[in-house]
Amino acid sequence: MSIQESGAARPAGRPRSEKAEKAIIEATLDLIGEGMGVSELSIEAIASRAGVGKTTIYRRWSNKEDLVVDALSTLKAPVPPLTGTSVRDDLISLLDAMREESGMARSRCVMNVVMGETDRHPRLTERFIKRAIEPRRQAMREVIERGIATGELRPDLDVDMGMALISGTMLWHTKWGPAGDLPADLPERIVDAALAGMAP
């Protein structure tokens, strides 16, 4: 029986595959971060930067849009673990994840370039929101709904408005606030200001 038939060669090939995928993702993010818009971005340029052939990319992604969505998704950390001990603590955890992301200059630059092209690539934006943003929205919705159910928040609270107040204030600081790292206590201050109007 040959090595290929026995499957013994497969474990050795796996790290190379992961290494190639990482190089492709990094090349995609690097090119966008350097100011190349999604429209100008090409599989050829990505392959050249990653040091792989175009076929290596097409084996993993059927088109450029799929690759960009996957690359962008790596910039978003998973939803942080929520303790469920209090609405306040869980909301602070969610905002703190946003604060930490905003401190990564490369991530900010890439997201600004891509989000500036939403009109030209609505499907890409829609897919990215569904994959990377929607889980966070859902987590915040569940925290607020739980707070209403437990009496921590007003029973007549408009959940969507509450989410907008909290996340919108954080986005204002991350996008249009002073340059530099955001204060570590910013999530706590935002949540406390919002809860002052949302508590029973």
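Give the residue that is nearest to Thr28 (Cα to Cα), with candidates limited to residues of region 49-88 that are open to solvent by 50 Å² or more (accessible area, probe 1.4 Å) and over 22 Å from the mean Cα position of the chain (by Cα).
The qualifying residue nearest to Thr28 (Cα to Cα) is Arg49.
I'd like to check something: does region 98-120 contain any residue that is of a type in the set (A, V, I, L, M, F, W, C), assigned to a loop (DSSP other than H, G, I, E, B) and under 18 Å from the mean Cα position of the chain (by Cα)?
We begin by selecting, within region 98-120, every residue of a type in the set (A, V, I, L, M, F, W, C); these are 98, 104-105, 109-111, 113-115.
Right, trim to assigned to a loop (DSSP other than H, G, I, E, B) and you get 104.
Next, from what is left, pick out any that are under 18 Å from the mean Cα position of the chain (by Cα): 104.
There is at least one residue in region 98-120 that is of a type in the set (A, V, I, L, M, F, W, C), assigned to a loop (DSSP other than H, G, I, E, B) and under 18 Å from the mean Cα position of the chain (by Cα).
Within region 28-53, can you find the residues that are among the aliphatic types (A, V, I, L, M), touching a residue at least 60 places away in the same chain (Cβ under 8 Å) and part of a helix (DSSP H, G or I)?
Answer for region 28-53, where residues must be among the aliphatic types (A, V, I, L, M), touching a residue at least 60 places away in the same chain (Cβ under 8 Å) and part of a helix (DSSP H, G or I): Leu29, Ile32.
If I ask for residues that are within 18 Å of Asp185 (Cα to Cα) and either assigned to a helix (DSSP H, G or I) or at pLDDT below 90 (or both), which ones from region 81-97 would you list?
Scanning region 81-97 gives Val87, Arg88, Asp89, Asp90, Leu91, Ile92, Ser93, Leu94, Leu95, Asp96, Ala97.
Quick check, is Arg131 in contact (Cβ under 8 Å) with a residue 12 or more places away in the chain, closer than 30 Å to Glu40 by Cβ and open to solvent by 60 Å² or more (accessible area, probe 1.4 Å)?
For Arg131, the condition - in contact (Cβ under 8 Å) with a residue 12 or more places away in the chain, closer than 30 Å to Glu40 by Cβ and open to solvent by 60 Å² or more (accessible area, probe 1.4 Å) - is met.
Kindly list the number of the only condition in (1) modelled with pLDDT of 95 or more; (2) surrounded by 14 or more Cβ atoms within 10 Å (Cβ to Cβ) that fails for Glu44.
Failing condition for Glu44: (2).
Going residue by residue through region 153-172, is there one that turns out to be closer than 19 Å to Pro187 by Cβ and aromatic (Phe, Trp, Tyr)?
yes
Residues of region 137-162 being open to solvent by less than 40 Å² (accessible area, probe 1.4 Å) and either touching a Ser or Thr at 6+ places or on another chain (Cβ under 7 Å) or closer than 25 Å to Val110 by Cα (or both), which ones?
Ala139, Met140
Mind checking whether some residue in region 181-199 is within 16 Å of the chain's Cα centre (by Cα) and either surrounded by fewer than 17 Cβ atoms within 10 Å (Cβ to Cβ) or closer than 27 Å to Asp66 by Cβ (or both)? So that I can check it myself, show each step before the final result.
So in region 181-199, the residues within 16 Å of the chain's Cα centre (by Cα) come out as none.
No, that holds for no residue.
Identify, please: which residue in region 149-200 is among the β-branched types (Val, Ile, Thr) and touching a helix residue (DSSP H, G or I) at 6+ places or on another chain (Cβ under 6 Å) and is, among those, farthest from Ala139 (Cα to Cα)?
Here is the first cut: in region 149-200, the residues among the β-branched types (Val, Ile, Thr) are 150, 159, 166, 169, 174, 190-191.
Next, only the ones that are touching a helix residue (DSSP H, G or I) at 6+ places or on another chain (Cβ under 6 Å) stay: 159, 166, 169, 174, 190-191.
Details: Val159: 12, Ile166: 13, Thr169: 17, Thr174: 20, Ile190: 17, Val191: 15 Å.
Looking at residues that are among the β-branched types (Val, Ile, Thr) and touching a helix residue (DSSP H, G or I) at 6+ places or on another chain (Cβ under 6 Å), I get Thr174.
The values are calculated or read from the model by the stated rules, or taken from the named source; none is laboratory data. Given the structure is predicted, the values throughout are model-derived calculations rather than measurements. Note that each Cβ is placed from the backbone with ideal geometry, even for glycine, and that neighbours are counted across all protein chains shown. These accessible areas exclude ligands, DNA and RNA; they are computed on the full protein's heavy atoms, side chains included. Shrake-Rupley method; radii C 1.70, N 1.55, O 1.52, S 1.80 Å.
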